[in-house]
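Engineer: Have a look at this one.
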Amino acid sequence: MAEDALSTLLTRLGRPSQGWANTPIVKGSTYLFEDLAQWRATREQREGQRVLSYGARGNETVFALEDAITALEGGYRSKLFPTGLAAIAAAFLAYLKAGDHVLISEGVYQPARQLCESQLTNYGMSFSFFDPRDPEWQKALRPETRMVYVESPGSLLYDMFDLPAIAKVCRPKGILLCADNTWGSSLIYKPLELGFDVSVVAATKYLGGHSDVMMGSVTTREACFPELEKVSVNLGQTVSAEDAFLVLRGIRTLDLRLRRHAESALGIASWLVSQPAIKRVFHPALDSDPNHLLWKRDAHGSNGLITVEFDPKLAADRIEQAIGALRLFGIGASWGGYESLVLPVDVKRTRYRDAAVQPGYLLRLHIGLEDPQDLKNDLNKLLGALAH
Ligand SMILES: *Cc1c(COP(=O)(O)O)cnc(C)c1O
(Lines give C-alpha, C1' and ligand atoms only; values in the text may rest on other atoms or scores of the structure.)
Protein backbone atom coordinates (compact mmCIF):
# COMPACT_ATOMS: atom_id res chain seq x y z
CA MET A 1 0.00 0.00 0.00
CA ALA A 2 3.00 2.24 0.60
CA GLU A 3 3.19 3.31 -3.04
CA ASP A 4 -0.39 4.62 -3.08
CA ALA A 5 -1.04 8.34 -2.71
CA LEU A 6 -2.65 9.39 0.56
CA SER A 7 -6.02 10.07 -1.05
CA THR A 8 -6.04 6.52 -2.43
CA LEU A 9 -4.91 5.10 0.90
CA LEU A 10 -7.84 6.82 2.62
CA THR A 11 -10.28 4.83 0.48
CA ARG A 12 -8.63 1.50 1.36
CA LEU A 13 -7.63 1.65 5.02
CA GLY A 14 -9.52 -0.36 7.63
CA ARG A 15 -11.68 -2.24 5.13
CA PRO A 16 -12.42 -5.97 5.06
CA SER A 17 -10.41 -7.93 2.50
CA GLN A 18 -13.66 -9.34 1.05
CA GLY A 19 -17.41 -9.02 1.38
CA TRP A 20 -18.77 -5.78 2.80
CA ALA A 21 -17.20 -2.60 1.47
CA ASN A 22 -17.10 -1.29 5.05
CA THR A 23 -16.14 -3.03 8.26
CA PRO A 24 -19.49 -3.66 9.97
CA ILE A 25 -20.37 -2.36 13.44
CA VAL A 26 -19.64 -5.20 15.84
CA LYS A 27 -21.45 -5.06 19.17
CA GLY A 28 -20.27 -7.25 21.99
CA SER A 29 -18.96 -7.64 25.49
CA THR A 30 -18.71 -11.45 25.70
CA TYR A 31 -16.63 -13.32 23.16
CA LEU A 32 -17.16 -17.10 23.16
CA PHE A 33 -14.41 -19.70 22.80
CA GLU A 34 -14.54 -23.27 21.45
CA ASP A 35 -13.17 -24.75 24.65
CA LEU A 36 -11.09 -23.89 27.70
CA ALA A 37 -7.84 -24.60 25.88
CA GLN A 38 -8.66 -21.94 23.28
CA TRP A 39 -9.78 -19.51 25.98
CA ARG A 40 -6.47 -20.04 27.84
CA ALA A 41 -4.39 -19.72 24.70
CA THR A 42 -6.15 -16.48 23.73
CA ARG A 43 -5.62 -14.95 27.16
CA GLU A 44 -1.92 -15.62 26.83
CA GLN A 45 -1.79 -14.40 23.26
CA ARG A 46 -3.54 -11.12 23.98
CA GLU A 47 -0.70 -9.90 26.16
CA GLY A 48 1.48 -9.54 23.09
CA GLN A 49 -0.88 -9.58 20.14
CA ARG A 50 -4.18 -8.15 19.10
CA VAL A 51 -6.82 -10.90 19.32
CA LEU A 52 -10.54 -10.96 19.98
CA SER A 53 -11.12 -11.85 23.63
CA TYR A 54 -13.45 -9.39 25.39
CA GLY A 55 -15.39 -6.27 24.46
CA ALA A 56 -13.15 -3.89 26.39
CA ARG A 57 -10.12 -5.14 24.43
CA GLY A 58 -11.66 -4.09 21.13
CA ASN A 59 -13.50 -5.70 18.24
CA GLU A 60 -13.27 -5.78 14.45
CA THR A 61 -14.67 -2.24 14.01
CA VAL A 62 -12.32 -0.76 16.60
CA PHE A 63 -9.32 -2.65 15.21
CA ALA A 64 -10.13 -1.41 11.70
CA LEU A 65 -9.99 2.21 12.85
CA GLU A 66 -6.83 1.59 14.87
CA ASP A 67 -5.18 0.17 11.75
CA ALA A 68 -6.26 3.10 9.60
CA ILE A 69 -4.90 5.69 12.02
CA THR A 70 -1.68 3.70 12.51
CA ALA A 71 -1.09 3.67 8.75
CA LEU A 72 -1.70 7.41 8.44
CA GLU A 73 0.57 8.27 11.37
CA GLY A 74 3.26 5.83 10.21
CA GLY A 75 3.39 4.08 13.60
CA TYR A 76 3.46 0.53 14.96
CA ARG A 77 0.02 0.42 16.56
CA SER A 78 -2.67 2.72 17.99
CA LYS A 79 -5.12 2.65 20.87
CA LEU A 80 -8.43 4.50 20.90
CA PHE A 81 -9.88 6.50 23.78
CA PRO A 82 -13.32 8.01 24.40
CA THR A 83 -12.08 11.61 23.93
CA GLY A 84 -8.97 13.42 22.79
CA LEU A 85 -8.29 14.52 26.33
CA ALA A 86 -8.56 10.91 27.58
CA ALA A 87 -5.92 10.01 24.98
CA ILE A 88 -3.60 12.74 26.29
CA ALA A 89 -4.14 11.57 29.88
CA ALA A 90 -3.39 7.98 28.87
CA ALA A 91 -0.14 9.05 27.21
CA PHE A 92 0.97 10.83 30.38
CA LEU A 93 0.00 7.94 32.66
CA ALA A 94 1.55 5.34 30.37
CA TYR A 95 5.00 6.86 30.37
CA LEU A 96 5.35 8.88 33.59
CA LYS A 97 5.71 7.68 37.16
CA ALA A 98 6.22 9.42 40.50
CA GLY A 99 9.40 11.47 40.41
CA ASP A 100 9.34 11.97 36.64
CA HIS A 101 9.23 15.38 34.99
CA VAL A 102 7.48 16.24 31.72
CA LEU A 103 8.54 19.29 29.74
CA ILE A 104 5.61 20.79 27.81
CA SER A 105 5.59 23.30 24.96
CA GLU A 106 3.87 26.63 25.57
CA GLY A 107 0.54 26.99 23.83
CA VAL A 108 -0.76 23.45 24.39
CA TYR A 109 -4.48 22.74 24.50
CA GLN A 110 -5.56 24.31 27.77
CA PRO A 111 -7.25 21.23 29.35
CA ALA A 112 -3.93 19.36 28.94
CA ARG A 113 -2.28 22.10 30.98
CA GLN A 114 -5.01 21.75 33.59
CA LEU A 115 -4.56 17.97 33.65
CA CYS A 116 -0.92 18.52 34.61
CA GLU A 117 -1.66 21.21 37.16
CA SER A 118 -4.48 19.53 39.02
CA GLN A 119 -3.91 15.80 38.43
CA LEU A 120 -0.35 14.74 37.61
CA THR A 121 1.05 16.53 40.63
CA ASN A 122 -1.19 14.33 42.85
CA TYR A 123 0.80 11.34 41.64
CA GLY A 124 4.20 12.87 42.32
CA MET A 125 4.95 13.83 38.72
CA SER A 126 6.20 17.30 37.90
CA PHE A 127 5.90 19.43 34.80
CA SER A 128 7.10 22.74 33.42
CA PHE A 129 6.64 24.67 30.20
CA PHE A 130 9.14 25.73 27.56
CA ASP A 131 9.28 27.66 24.33
CA PRO A 132 11.01 25.37 21.81
CA ARG A 133 12.02 28.43 19.78
CA ASP A 134 14.17 29.73 22.60
CA PRO A 135 17.75 28.89 21.53
CA GLU A 136 18.47 27.97 25.14
CA TRP A 137 15.42 25.72 25.57
CA GLN A 138 17.59 22.72 26.45
CA LYS A 139 18.30 24.32 29.81
CA ALA A 140 14.71 23.48 30.76
CA LEU A 141 15.52 19.76 30.62
CA ARG A 142 16.11 18.21 34.04
CA PRO A 143 17.88 15.01 35.01
CA GLU A 144 14.44 13.55 35.82
CA THR A 145 12.81 14.69 32.54
CA ARG A 146 11.21 11.54 31.15
CA MET A 147 9.05 13.06 28.44
CA VAL A 148 8.93 16.11 26.21
CA TYR A 149 5.36 16.85 25.15
CA VAL A 150 4.79 19.22 22.26
CA GLU A 151 1.73 20.51 20.42
CA SER A 152 2.73 21.73 16.98
CA PRO A 153 1.11 23.75 15.58
CA GLY A 154 -0.04 24.84 19.02
CA SER A 155 -3.60 25.63 20.01
CA LEU A 156 -5.09 29.03 19.17
CA LEU A 157 -2.02 30.73 17.65
CA TYR A 158 -0.64 27.75 15.67
CA ASP A 159 2.98 28.21 16.66
CA MET A 160 5.08 25.54 14.96
CA PHE A 161 8.13 23.92 16.45
CA ASP A 162 11.14 22.20 14.96
CA LEU A 163 10.37 18.61 15.97
CA PRO A 164 13.47 17.07 14.32
CA ALA A 165 15.68 19.53 16.26
CA ILE A 166 13.96 18.61 19.55
CA ALA A 167 14.34 14.91 18.72
CA LYS A 168 18.04 15.38 18.00
CA VAL A 169 18.60 16.70 21.51
CA CYS A 170 16.28 14.33 23.38
CA ARG A 171 16.88 10.98 21.67
CA PRO A 172 20.45 10.53 22.95
CA LYS A 173 19.20 11.32 26.46
CA GLY A 174 16.52 8.62 26.24
CA ILE A 175 13.71 11.15 26.71
CA LEU A 176 10.38 10.03 25.25
CA LEU A 177 8.88 12.39 22.67
CA CYS A 178 5.11 12.84 22.52
CA ALA A 179 3.15 15.21 20.25
CA ASP A 180 -0.47 16.33 20.19
CA ASN A 181 -1.17 16.05 16.45
CA THR A 182 -4.78 17.20 16.46
CA TRP A 183 -4.06 20.14 14.13
CA GLY A 184 -2.35 17.72 11.70
CA SER A 185 -5.14 15.14 12.07
CA SER A 186 -2.83 12.23 11.12
CA LEU A 187 -2.76 13.48 7.53
CA ILE A 188 -1.05 16.83 7.07
CA TYR A 189 1.58 16.59 9.81
CA LYS A 190 3.43 13.47 10.94
CA PRO A 191 5.21 13.68 14.30
CA LEU A 192 6.57 10.12 14.05
CA GLU A 193 8.21 10.91 10.71
CA LEU A 194 9.71 14.01 12.33
CA GLY A 195 11.43 11.92 15.00
CA PHE A 196 8.80 11.67 17.74
CA ASP A 197 7.73 8.43 19.49
CA VAL A 198 4.07 9.03 20.27
CA SER A 199 1.34 10.94 18.41
CA VAL A 200 -1.97 11.83 20.05
CA VAL A 201 -4.95 13.00 18.00
CA ALA A 202 -8.38 14.24 19.02
CA ALA A 203 -10.35 12.32 16.38
CA THR A 204 -13.32 14.39 17.57
CA LYS A 205 -12.01 17.08 15.21
CA TYR A 206 -11.22 16.41 11.53
CA LEU A 207 -11.03 12.60 11.59
CA GLY A 208 -14.66 12.38 12.68
CA GLY A 209 -15.30 15.55 10.74
CA HIS A 210 -19.05 15.83 11.25
CA SER A 211 -19.43 17.16 14.82
CA ASP A 212 -21.19 13.99 15.86
CA VAL A 213 -18.59 11.87 17.64
CA MET A 214 -15.98 12.11 20.41
CA MET A 215 -12.76 10.11 20.22
CA GLY A 216 -9.02 10.21 20.80
CA SER A 217 -6.17 8.09 19.47
CA VAL A 218 -2.60 7.43 20.51
CA THR A 219 -0.16 5.97 17.97
CA THR A 220 3.32 4.86 18.97
CA ARG A 221 6.52 3.31 17.76
CA GLU A 222 6.90 -0.39 18.54
CA ALA A 223 9.21 0.07 21.54
CA CYS A 224 6.74 2.17 23.52
CA PHE A 225 3.48 0.43 22.60
CA PRO A 226 3.33 -2.08 25.51
CA GLU A 227 3.12 0.70 28.12
CA LEU A 228 0.27 2.35 26.22
CA GLU A 229 -1.63 -0.90 25.91
CA LYS A 230 -1.16 -1.58 29.61
CA VAL A 231 -2.62 1.77 30.61
CA SER A 232 -5.56 1.28 28.24
CA VAL A 233 -6.36 -2.10 29.83
CA ASN A 234 -5.73 -1.04 33.44
CA LEU A 235 -7.84 2.09 33.16
CA GLY A 236 -10.58 0.24 31.29
CA GLN A 237 -10.43 2.58 28.31
CA THR A 238 -12.42 1.60 25.25
CA VAL A 239 -14.62 3.10 22.54
CA SER A 240 -17.95 2.05 21.11
CA ALA A 241 -18.10 0.32 17.75
CA GLU A 242 -20.62 2.87 16.47
CA ASP A 243 -18.22 5.68 17.24
CA ALA A 244 -15.31 3.82 15.63
CA PHE A 245 -17.50 3.30 12.56
CA LEU A 246 -18.31 7.01 12.39
CA VAL A 247 -14.65 8.02 12.58
CA LEU A 248 -13.72 5.44 9.95
CA ARG A 249 -16.43 6.87 7.73
CA GLY A 250 -15.06 10.36 8.39
CA ILE A 251 -11.58 9.27 7.34
CA ARG A 252 -12.80 8.39 3.81
CA THR A 253 -13.25 12.07 3.03
CA LEU A 254 -10.48 13.46 5.27
CA ASP A 255 -8.21 14.56 2.43
CA LEU A 256 -11.06 16.02 0.40
CA ARG A 257 -12.47 17.93 3.36
CA LEU A 258 -9.12 19.24 4.57
CA ARG A 259 -8.30 20.57 1.10
CA ARG A 260 -11.56 22.47 1.03
CA HIS A 261 -11.21 23.76 4.61
CA ALA A 262 -7.63 24.85 3.86
CA GLU A 263 -8.42 26.54 0.55
CA SER A 264 -11.35 28.48 1.99
CA ALA A 265 -9.41 29.38 5.14
CA LEU A 266 -6.41 30.67 3.21
CA GLY A 267 -8.64 32.78 0.99
CA ILE A 268 -10.45 34.24 3.99
CA ALA A 269 -7.23 34.72 5.98
CA SER A 270 -5.61 36.62 3.09
CA TRP A 271 -8.68 38.83 2.84
CA LEU A 272 -8.79 39.44 6.61
CA VAL A 273 -5.15 40.59 6.64
CA SER A 274 -6.14 43.72 4.72
CA GLN A 275 -9.12 44.64 6.93
CA PRO A 276 -8.54 47.79 9.02
CA ALA A 277 -10.27 46.30 12.11
CA ILE A 278 -7.87 43.35 12.12
CA LYS A 279 -4.36 43.73 13.47
CA ARG A 280 -3.04 40.22 12.93
CA VAL A 281 -4.12 36.96 11.36
CA PHE A 282 -2.69 33.69 12.66
CA HIS A 283 -2.69 30.93 10.05
CA PRO A 284 0.56 29.13 9.16
CA ALA A 285 -0.31 28.75 5.45
CA LEU A 286 -0.28 32.58 5.14
CA ASP A 287 3.11 33.68 3.93
CA SER A 288 3.05 36.58 6.41
CA ASP A 289 2.75 34.15 9.35
CA PRO A 290 6.04 33.73 11.25
CA ASN A 291 5.55 29.94 11.17
CA HIS A 292 5.20 29.83 7.40
CA LEU A 293 8.66 28.47 6.56
CA LEU A 294 8.46 25.67 9.13
CA TRP A 295 4.92 24.92 7.95
CA LYS A 296 6.21 24.60 4.39
CA ARG A 297 9.06 22.37 5.49
CA ASP A 298 7.15 20.00 7.79
CA ALA A 299 3.41 20.10 7.00
CA HIS A 300 1.72 18.59 3.94
CA GLY A 301 -1.30 20.84 3.98
CA SER A 302 -3.37 23.11 6.14
CA ASN A 303 -6.82 23.24 7.69
CA GLY A 304 -9.71 25.58 8.48
CA LEU A 305 -8.34 27.19 11.64
CA ILE A 306 -7.67 30.93 11.72
CA THR A 307 -7.27 33.19 14.73
CA VAL A 308 -7.61 36.95 14.29
CA GLU A 309 -6.44 39.70 16.59
CA PHE A 310 -8.61 42.79 16.40
CA ASP A 311 -7.23 46.31 16.56
CA PRO A 312 -6.46 46.79 20.30
CA LYS A 313 -8.29 50.15 20.12
CA LEU A 314 -11.59 48.32 19.61
CA ALA A 315 -13.44 47.60 22.86
CA ALA A 316 -14.23 43.95 23.61
CA ASP A 317 -17.95 44.56 24.14
CA ARG A 318 -18.22 46.27 20.76
CA ILE A 319 -16.53 43.32 19.08
CA GLU A 320 -18.76 40.85 20.92
CA GLN A 321 -21.84 42.75 19.81
CA ALA A 322 -20.56 42.59 16.22
CA ILE A 323 -20.02 38.82 16.56
CA GLY A 324 -23.75 38.67 17.18
CA ALA A 325 -24.24 39.82 13.56
CA LEU A 326 -22.82 36.53 12.23
CA ARG A 327 -25.35 34.14 10.72
CA LEU A 328 -23.24 31.28 9.35
CA PHE A 329 -20.66 30.98 12.14
CA GLY A 330 -21.93 29.02 15.13
CA ILE A 331 -20.73 29.81 18.62
CA GLY A 332 -19.46 26.66 20.24
CA ALA A 333 -16.51 24.55 21.33
CA SER A 334 -14.48 22.27 19.12
CA TRP A 335 -13.69 22.48 15.40
CA GLY A 336 -12.96 20.12 12.56
CA GLY A 337 -16.59 19.47 11.70
CA TYR A 338 -18.21 20.49 8.43
CA GLU A 339 -19.50 23.77 9.80
CA SER A 340 -18.03 27.19 10.55
CA LEU A 341 -17.55 28.26 14.16
CA VAL A 342 -16.21 31.20 16.15
CA LEU A 343 -15.06 31.37 19.74
CA PRO A 344 -13.19 34.05 21.70
CA VAL A 345 -9.66 33.10 22.73
CA ASP A 346 -8.83 33.69 26.37
CA VAL A 347 -5.18 34.74 26.40
CA LYS A 348 -5.01 34.56 30.17
CA ARG A 349 -5.53 30.80 29.96
CA THR A 350 -2.88 30.24 27.32
CA ARG A 351 0.45 31.80 26.66
CA TYR A 352 0.46 34.71 24.28
CA ARG A 353 3.19 34.86 21.67
CA ASP A 354 4.41 38.32 22.68
CA ALA A 355 3.66 38.25 26.38
CA ALA A 356 4.96 41.80 26.76
CA VAL A 357 2.46 43.21 24.28
CA GLN A 358 -1.13 43.71 25.38
CA PRO A 359 -2.99 41.88 22.62
CA GLY A 360 -6.21 42.98 21.03
CA TYR A 361 -9.33 40.86 21.24
CA LEU A 362 -8.63 37.40 19.82
CA LEU A 363 -11.24 35.37 17.96
CA ARG A 364 -10.74 31.87 16.62
CA LEU A 365 -12.55 31.01 13.41
CA HIS A 366 -13.11 27.53 12.10
CA ILE A 367 -13.75 27.81 8.38
CA GLY A 368 -16.21 25.10 7.42
CA LEU A 369 -17.31 23.61 4.12
CA GLU A 370 -19.82 26.36 3.27
CA ASP A 371 -19.28 28.46 0.15
CA PRO A 372 -16.32 30.71 1.03
CA GLN A 373 -17.99 33.76 -0.51
CA ASP A 374 -21.00 33.28 1.78
CA LEU A 375 -18.61 33.10 4.74
CA LYS A 376 -16.85 36.29 3.63
CA ASN A 377 -20.22 38.03 3.31
CA ASP A 378 -21.06 36.89 6.82
CA LEU A 379 -17.74 38.11 8.24
CA ASN A 380 -18.24 41.36 6.38
CA LYS A 381 -21.33 41.94 8.52
CA LEU A 382 -19.14 41.66 11.62
CA LEU A 383 -16.55 44.02 10.15
CA GLY A 384 -19.27 46.39 8.97
CA ALA A 385 -20.72 46.57 12.47
CA LEU A 386 -17.28 47.66 13.73
CA ALA A 387 -16.73 50.30 11.04
CA HIS A 388 -19.16 52.87 12.42
C1 LIG B 1 -9.99 19.35 21.00
C2 LIG B 1 -8.58 19.04 21.32
C3 LIG B 1 -8.25 18.02 22.21
C4 LIG B 1 -9.28 17.25 23.01
O5 LIG B 1 -10.19 16.57 22.26
P6 LIG B 1 -11.61 16.13 22.93
O7 LIG B 1 -12.04 15.02 22.07
O8 LIG B 1 -12.47 17.34 22.90
O9 LIG B 1 -11.30 15.69 24.34
C10 LIG B 1 -6.91 17.77 22.42
N11 LIG B 1 -5.95 18.47 21.81
C12 LIG B 1 -6.24 19.47 20.95
C13 LIG B 1 -5.14 20.21 20.30
C14 LIG B 1 -7.56 19.78 20.68
O15 LIG B 1 -7.83 20.80 19.85
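Engineer: Give the dimensionless ratio obtained when the Cα radius of gyration of segment 254-386 is divided by 2.2 N^0.38 Å.
Structural biologist: Against the compact-globule rule of thumb, the ratio is 1.01.
Engineer: Consider just the alpha-carbon atoms of segment 138-231 and return their Rg together with their Dmax, both in angstrom.
Structural biologist: Cα radius of gyration and Dmax of segment 138-231 are 13.9, 44 Å respectively.
Engineer: Same structure again: Please report, as a whole percent, how much of the solvent-accessible surface of the chain comes from carbon and sulfur atoms (probe radius 1.4 Å).
Structural biologist: Roughly 53 percent of what the probe reaches on the chain is carbon or sulfur.
Engineer: So if I restrict to the alpha-carbon atoms in the chain, what is the Rg, and what is Dmax, the biggest pairwise distance, in Å?
Structural biologist: 21.7, 79
Engineer: Once label points are set 7 Å from the Cα along Cα→Cβ at both residue 288 and residue 114, what is their separation, rounded to one decimal in nm?
Structural biologist: Each label point lies 7 Å from its Cα, and together they span 3.4 nm.
Engineer: Looking at the square roots a ≥ b ≥ c of the eigenvalues of the Cα gyration tensor of segment 1-121, which shape do they give, rounded for a/c under 1.5, prolate if a/b is larger than b/c, or oblate?
Structural biologist: oblate
Engineer: Under 17 Å Cα-Cα from residue 296, which lysines qualify once same-chain neighbours fewer than 8 residues away are excluded?
Structural biologist: 190
Engineer: Can you give the accessible area per residue of the chain, in Å², using a 1.4 Å probe?
Structural biologist: For the chain, the per-residue accessible area is 45 Å².
The values are calculated or read from the model by the stated rules, or taken from the named source; none is laboratory data. Owing to the predicted nature of the structure, the values given are computational and were not obtained by experimental measurement. Every residue, glycine as well, gets a Cβ built from its backbone with ideal geometry; the counts of neighbours run over all protein chains shown. We work out accessible area using only protein heavy atoms, side chains counted, and drop any ligands, DNA or RNA first. Shrake-Rupley method; radii C 1.70, N 1.55, O 1.52, S 1.80 Å.
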